[in-house]
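First comes the structure, then the notes that go with it.
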Amino acid sequence: VNLSLRPGTPMDFEWDKIREMIVQNRLAHSDTVFAYDLAWEPFLGRQRERMRWDPRWRQWIQRHYVTVEGAEQAWGFAAPRNKEGQVTNPLDAHCGADGAWGKMVADYRRFIDEVVDEHYTRARELVRSADPHHLVSFRMTVAGDPTFNQAHNMPYDFRGLVRGVDLFEPEGYGRIGDWQRVRPGMFTVAYARAIDPSKPVMWAEYGVSSWDMNLMQASPSGLNFQGRFYEDFLQMVLHSGANGAVCWWYPGGFRTNERSDYGILNPDGTDRPATVVLRKYAEQVTRPRDIPQPQVWIEFNADHPAGMEGIYKQVSSPFWQTVESGQVPGLRPRGKK
């Protein structure tokens with residue numbers, strides 16, 4: 001079990017309640033639990049949500065540049081202001097593209113990585129003080145997704161999580177589609193290895209609904225697509241050397257709250273195409289496997305203002321050329337040996 005502990009996330013950690021669940025249920029001694037899931041698909045959010053960190057952002061600017069004017073001179077760009085005239089965080093549009101604001105957003109991303117590191121590292125240390133035996137992480141939604149435009153909603157970056165988690169747990173909902181849509185997951189895994197090659201990479205969730213709202217049933221075409229998607233996704237897992245993958249969801253049938261059917265089994269317990277695929281790949285994915293070692297190194301700008309999507313656009317061509325040549329690409333931040 002990848003066990004979810006609620007309420008809160010490490011950004012607002014309710015440690016007394018979390019500790020009580022671990023201690024009272026003697027989870028430290030459970031060999032059923034393999035990891036704790038401390039956050040439910042969090043985002044740093046849009047500009048309005050990120051305003052909670054604005055006072056610390058201003059302090060960061062003062063610490064690094066002494067004055068706002070000094071920072072703006074170094075950036076070559078004027079920082080956004082709130083209605084009181086104080087510096088606020090970058091506009092959403094700034095976080096999804098390169099431009100004159102690039103140096104400012106790069107600094108902001110470094111700052112927010114420090115905030116994430118502080119909160120998640122503290123949460124991990126507290127959990128490990130009560131349970132030193134199990135892994136600590138969380139389901140990371142689109143963290144590491146190279147095709148997600150971060151102007152819509154800023155996700156976490158693996159860079160800020162190096163000390164705060166024991167494994168990276170991206171999710172695969174941005175990969176729904178044919179093989180061309182699935183294969184960027186290989187880039188996600190390569191990026192995780194570039195940030196911290198010692199950490200396992202487990203796809204914490206992937207799946208697709210087969211429900212047809214017009215027919216009000218799981219359609220044959222939806223079920224067949226689900227099966228093809230599972231096949232492509234697990235091929236990607238093997239090609240990339242990811243350490244595992246967890247699909248969503250087990251029982252088939254209409255889920256009224258989600259208005260969906262992600263199930264891998266029919267309601268009567270019989271197989272669906274996705275189940276057949278899982279049986280086919282289970283042994284390959286779960287047996288011990290060597291992580292493919294890079295044969296061609298590709299350097300990237302770790303401070304791209306558009307985050308992961310910007311990095312991907314920057315180096316996707318040499319990455320896929322290397323893959324198509326039959327070699328293993330590796331990503332490396334520019335200047336790092």
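The values are calculated or read from the model by the stated rules, or taken from the named source; none is laboratory data. What you are looking at is a predicted structure, and each value in this text was computed from that prediction instead of being measured. Here Cβ is always computed from backbone atoms with ideal geometry, including for glycine, and neighbour counts include all displayed protein chains. We work out accessible area using only protein heavy atoms, side chains counted, and drop any ligands, DNA or RNA first. Shrake-Rupley method; radii C 1.70, N 1.55, O 1.52, S 1.80 Å.
The trypsin sites (Lys or Arg not before Pro) of region 102-195 that DSSP puts in a loop, and whose beta carbon has at most 16 other beta carbons within 10 Å, are Arg163.
With both labels modelled 7 Å from their Cα along Cα-to-Cβ, the Arg255 to Val1 distance reads 1.8 nm. Counting Lys and Arg as +1 and Asp and Glu as -1 over every other residue whose Cβ lies under 10 Å from the Cβ of Thr147, the net charge comes to +1.
Ordering Ala190, Phe138, Trp179 by Cα displacement along the dipole of the chain toward the positive end leaves Ala190 in first place; charges were set at the Cβ atoms of Lys, Arg (+1) and Asp, Glu (-1). Taken about its Cα centre, region 120-276 carries a charge dipole of about 440 debye when Lys and Arg each add +1 at the Cβ and Asp and Glu each add -1 at the Cβ. Each of Phe34 and Leu238 was given a label point 7 Å from its Cα along the Cα-to-Cβ line. The distance between the two points is 1.9 nm. Annotation note: GluC sites (Glu not before Pro) in region 256-305 located in DSSP loop regions with a Cβ neighbour count of at most 14 within 10 Å are Glu258. For region 1-86, applying the loop criterion from DSSP together with a ceiling of 11 other beta carbons within 10 Å to the trypsin sites (Lys or Arg not before Pro) yields Arg26, Lys83. Taking a point 7 Å out from the Cα of Lys17 in the direction of its Cβ, the residues of region 125-144 whose backbone N falls within less than 17 Å of it are 127. Looking at the chain, the accessible area is 48 square angstrom per residue; that uses a 1.4 Å probe and ignores ligands, DNA and RNA. Rounded to the nearest 5, the antiparallel percentage of DSSP beta bridges internal to the chain is 25%.
Surface composition of region 25-139: carbon and sulfur atoms hold 50% of the protein heavy-atom accessible area at a 1.4 Å probe. Please give every one of the aspartates and glutamates within straight-line cross-link reach of Lys199, meaning a C-alpha to C-alpha distance under 13 Å, and leave out same-chain neighbours fewer than 8 residues apart. Counting by Cα, and skipping residues close in sequence, Lys199 has these aspartates and glutamates nearby: Asp166, Glu169.
Here the extension length gained between Leu91 and Arg56 equals 10.9 nm, from 0.36 nm per residue of separation less the Cα-Cα distance.
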